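Here is the structure we will look at.
The values are calculated or read from the model by the stated rules, or taken from the named source; none is laboratory data. Keep in mind that what you see is a predicted model, and the values were worked out from it rather than measured. With ideal geometry, Cβ positions are generated from the backbone for all residues, glycine too; neighbour counts draw on all protein chains shown. In case anyone asks, the SASA skips ligands and DNA or RNA and just uses the protein heavy atoms, side chains included. Shrake-Rupley method; radii C 1.70, N 1.55, O 1.52, S 1.80 Å.
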Amino acid sequence: MLNWLKQNAEQARSRLTAEASKFKNRAFMEAVVNGCALVAAADGTIDASEKQKMAGFLERADELKHFEMRQVIEVFQKAAADFEFDHGIGKASALKVIGKIKGNEEQSRLLVRVVCAIGAADGDFDAQEKAMVSEIARELGLNPADFDL
């Protein structure tokens, strides 16, 4: 009886930790997804390879592995819809979401590295995409030169 109680308490604690992590990292997930949308939209189109690269990163990232891909897709679709409605509104909205992780240098640097990879996903990390990543870096208080931009 005591072993059963102990085992169930440990399982409950694990579930609670996982649930708490979801809320702790949701801002990072949303920032990454919005950063990806910004870079993907920088050249005027959101390429399928950019979407796949973003989805692949989000599935493997320890910080985000507890998010369901459905949640990630919903955030991405909202960001993409903002860009479709008006590019300026989409950009402002995405930068606002990204700004929520400003001050967390580890998350900010990881986000910039991810969006660099997204920009290069189609085989051509062009000047427009590099300019957008530079703007994201500056929004997060980082020096774009640290990322060879």
Is it true that some residue in segment 47-56 is modelled with pLDDT under 90, open to solvent by 60 Å² or more (accessible area, probe 1.4 Å), small (Gly, Ala, Ser) and closer than 18 Å to MET132 by Cα?
no
Can you name the condition, by its number, that LEU64 falls short on among (1) modelled with pLDDT of 90 or more; (2) open to solvent by less than 30 Å² (accessible area, probe 1.4 Å); (3) closer than 12 Å to ALA31 by Cβ?
(1)
Which listed residue is open to solvent by 40 Å² or more (accessible area, probe 1.4 Å), in a helix (DSSP H, G or I), closer than 19 Å to ASP148 by Cα and of a type outside the set (Ser, Thr, Tyr), from GLU106, GLU59:
GLU106
Within the bounds of segment 69-85, is there any residue that is open to solvent by less than 40 Å² (accessible area, probe 1.4 Å), under 16 Å from ALA27 (Cα atoms) and at pLDDT 90 or above?
yes
